[in-house]
Amino acid sequence: MTETMTGAAAEAVTGAAAGSAAPGTAGPAEAPAGPALSRLADDDLDLLLLIRHFELTLLRLYGRGELNGTTHTCLGQEYVPVALRPLLGPGDFVLSNHRGHGHYLARFGDAHGLLAEIMGREGAVCGGVGGSQHIHRDRYLSTGVQGESLPVAAGVALHLRRAEPGALACVYIGDGTWGEGAVYEALNLAALWDLPLLVVVENNGIAQSTPTGAHLAGSIAGRAAAFGIDHHPVVSADVNEIRPALAPLVARVREGRPLVAEFRTHRLGPHSKGDDTRPPAQVRAARAHDWYARYAHDHPGHLHPADERVRARVEEIAAEVAARPPSRWSPCA
Ligand SMILES: Cc1ncc(C[n+]2csc(CCOP(=O)(O)OP(=O)(O)O)c2C)c(N)n1
Ligand SMILES: [Mg+2]
């Protein structure tokens, strides 16, 4: 398996986005799985599509050798930060992880700054030294070090509880990150100190190449319960269902009642770029859950025009950013 990915293979990650699969890939997705999705608000659909096309563009740029470093796409998981977006305010902190482009775009909508960061071009959010995984902007911070963010988020939440009551710290982690001991130190303090800490788990059933069943004993719900922390499972990919169900729970987090919100989601692509070790049938099954394929099936008249518009916009952004001079960074700036 190679580390780089061709443009055709990037399209094949989603299948539905490209309409067909490239040779040697998992093949077309199964028929869309799950109940019908409700019609989205235009701004939610646009944001979902912005994240989708941003990620597909990154894979294509990698395939053409136009990006350095690494990247982890959130293809298939875009709806998680989109559902949370209006539930979080500018006074809240968001701590993200290695798979954080969607988290950043849902917070700032700034595809130019993020792409410039990843490509090392002028206008990069962090001067081009953070790359895909290490972004700091206002009250947003991401790290590629698994588990590191949870104790940091607990510390931020403690500060907020004391200095800015009503604000919260939201931290995104994957299922595999529950193997890090620091997670439990943070949960312990969150429960003991009534911290406004929202732990969003993107449980995509796999950590790099290890299925959840092979790395996680018991359950995430059981682990939250061990600390007396509320656990909210999310199995839907329907933003209009997820958001109102979460809203009152997020309001309780603001009052000092920590919460673990566990999204059961699906990683459509490889862990990073060309490193998908899953059997083709498993990849096809993941793709059958893709909100994009399902929405195209349920609301083609809404999806397709928006899809074309956002796809063209991201292409323009990519061309514009690629033409910029290299970013400059100085520790003294
Ligand atoms: C402390 C640490 N150990 C290992 C890694 C390498 N690594 C990066 S992502 C990853 C798997 C993460 O799995 P999960 O938490 O389920 O998140 P997902 O990638 O599925 O979104 C690993 C092992 C790392 N970045 N940090
Ligand atoms: Mg995972």
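The values are calculated or read from the model by the stated rules, or taken from the named source; none is laboratory data. Everything quoted here is computed from the prediction, not taken from an experiment. Please note: Cβ atoms are built from the backbone with ideal geometry, for glycine as well, and neighbour counts cover all protein chains shown. Remember, those area values only see protein heavy atoms, side chains included, never the ligands or the DNA or RNA. Shrake-Rupley method; radii C 1.70, N 1.55, O 1.52, S 1.80 Å.
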Legend entry - Length gained when the stretch Q282-D194 is fully extended (0.36 nm per residue, less Cα-Cα span): 27.7 nm
Legend entry - Whole-Hz couplings from phi, Karplus 6.51/-1.76/1.60, listed for the range 277-291; x for Gly and Pro: 9, 6, x, x, 5, 5, 5, 4, 5, 4, 5, 5, 8, 4, 4
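Please list 273-286, 55-68 highest first by mean number of surrounding beta-carbon atoms within 10 Å per residue. Each step should come with its number before you reach the end.
On the way: 273-286: 17.2, 55-68: 19.7.
Top of the packing list down: 55-68, 273-286.
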Inset, instruction - Before rounding to the nearest 500, sum -39500 (n - 2.57) across all DSSP H runs of length at least 4 in the chain and divide by the residue total; then give [θ] at 222 nm in deg cm²/dmol. - result: -13500 deg cm²/dmol
Legend entry - Estimated inter-spin distance, D43 and D275, nm [label 7 Å along Cα→Cβ]: 3.8 nm
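At a 1.4 Å probe, what is the % contribution of carbon and sulfur to the accessible area of the chain?
Answer for the chain: carbon and sulfur cover 56 percent of the accessible area.
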Inset, instruction - Using Cα pairs closer than 8 Å and at least 6 residues apart in sequence, work out the relative contact order for the chain, in percent. - result: 25 percent
Inset, instruction - State the extension gain, in nm to one decimal, for the chain segment bounded by A226 and F108, taking 0.36 nm per residue of separation less the distance between their alpha-carbons. - result: 39.0 nm
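For the ranges 107-113, 71-77, what's the packing order if you count other beta-carbon atoms within 10 Å of each residue, average per peptide, and put the highest first?
On the way: 107-113: 18.0, 71-77: 25.6.
Answer by packing, highest mean first, reads 71-77, 107-113.
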Inset, instruction - For C170, list long-range residues whose amide hydrogen, built 1.01 Å from N in the peptide plane, is under 5 Å from its own amide hydrogen. - result: F93, V94, L95, L198
Inset, instruction - With only Lys, Arg, Asp and Glu charged, each at its Cβ (+1 for the first two, -1 for the last two), find how big the charge dipole of the range 104-216 is about the Cα centre; round to the nearest 20 debye. - result: 180 debye
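Whole number in Å², please: accessible area per residue of the range 78-133, 1.4 Å probe, ligands, DNA and RNA not counted. Provide the component values of the computation, followed by the final result.
Details: 1390 Å² over 56 residues.
Roughly 25 Å² per residue, with all protein chains present.
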Inset, instruction - Go ahead and run the numbers for FRET between V235 and E316, Cβ-Cβ distance against an R0 of 30 Å, rounding to 0.05. - result: 0.25
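From Cα pairs below 8 angstrom and at least 6 apart in sequence, can you work out the relative contact order of the range 154-307, rounded to a whole percent?
Details: 218 pairs, mean separation 38.0, N = 154.
Contact order relative to length: 25 percent.
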Inset, instruction - Please work out the Cα center distance from the range 182-236 to the range 41-96, rounded to the nearest Å. - result: 22 Å
Legend entry - Calculated from backbone phi, Karplus (6.51, -1.76, 1.60) coupling profile of the range 89-95 in Hz, x at Gly/Pro: x, x, x, 7, 8, 10, 10
Legend entry - Theoretical gain in end-to-end length, L249 to A214 [0.36 nm per residue, Cα-Cα removed]: 9.5 nm
Inset, instruction - Give me the accessible area per residue for the range 176-285, probe 1.4 Å, as a whole number in Å². - result: 40 Å²
